[in-house]
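Okay, structure first, notes after.
Nothing in this text is a laboratory measurement; each read-out follows from the coordinates by a stated rule. As the structure is a prediction and not an experimental result, all values here were calculated from the model. Glycine gets a Cβ as well: all are built from the backbone with ideal geometry, and neighbour counts include every protein chain shown.
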């Protein structure tokens with residue numbers, strides 16, 4: 001005799017929705033962590049194949065999270081209906097809040113990152129700016145933020161090999177990634 005034979009239908013539904021919840025959270029977090037690790041330039045410099053593998057969980061999560069989310073909601077509703085008009089417990093509500101909060105946080109972080117553009121090339125530094133204890137170089141009408149040290153080592157009207165990141169939503173601001181003198 002199997003121990004699960006004595007379980008009530010409500011207990012089976014509870015375990016099923018709990019299983020779907022764990023899969024959903026695992027997919028959300030592994031996809032997010034893979035995306036963030038894939039963005040680290042040092043990993044790309046060490047091993048490009050490893051860099052590309054970091055995006056595998058993200059690719060899987062993009063397609064499976066919506067399906068698993070619907071499965072979770074289906075079993076959650078089915079469990080709540082089978083349970084009847086019992087008072088909602090704090091654990092069930094906190095799980096739903098955790099899933100929704102996780103999705104909101106991940107989306108609010110990854111959507112702005114999806115508009116980032118990496119630009120590399122030979123540019124002339126048009127101007128150096130020091131505003132509010134922040135240092136900038138003006139490159140092709142873009143204010144690129146640099147460190148204080150970089151600011152003092154760079155000369156205006158000189159050409160450099162420059163790599164910087166900017167966002168399509170704020171195309172006039174950027175962040176320096178790399179700069180080297182160009183001869």
| message | Using only the Cα atoms of the range 8-99, what semi-axes does the equivalent ellipsoid have when each is the square root of 5 times a gyration tensor eigenvalue? Give whole Å, largest first. | response | 36, 12, 8
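Take every Cα pair under 8 Å in the chain that's 6+ residues apart, average their separations, divide by the length, and report that relative contact order as a whole percent.
16
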| field | Approximate spin-label separation residue 36-residue 117, in nm, with each point projected 7 Å along Cα-to-Cβ | value | 2.7
| message | Quick check: pseudo-label points 7 Å beyond the Cα along Cα→Cβ at residue 94 and residue 147, how many nm apart are they? | response | 4.3
| How far apart, in nm, are the 7 Å Cα→Cβ label points at residue 140 and residue 180? | 1.9
| remark: Fewest to most Cβ atoms within 10 Å: 141, 132 sort as 132, 141
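What percent does the relative contact order of the range 117-181 come to when contacts are Cα pairs within less than 8 Å and at least six residues apart?
35
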| field | Length-normalised contact order of the range 7-114 in % [C-alpha pairs under 8 Å, at least 6 apart] | value | 37
| Per residue, how much space in cubic angstrom lies within the convex hull of the C-alpha atoms of the range 117-181? | 71
| task | Any chance you could give the angle, 0 to 90 degrees and rounded to 10, that helix 90-114 forms with the longest Cα principal axis of the chain? | result | 20
| task | In Å³ and rounded to a whole number, note down the convex hull volume per residue for the Cα atoms of the chain. | result | 180
| Using the alpha-carbon atoms, what tilt in degrees (0 to 90, nearest 10) does helix 9-38 show relative to the longest principal axis of the chain? | 10
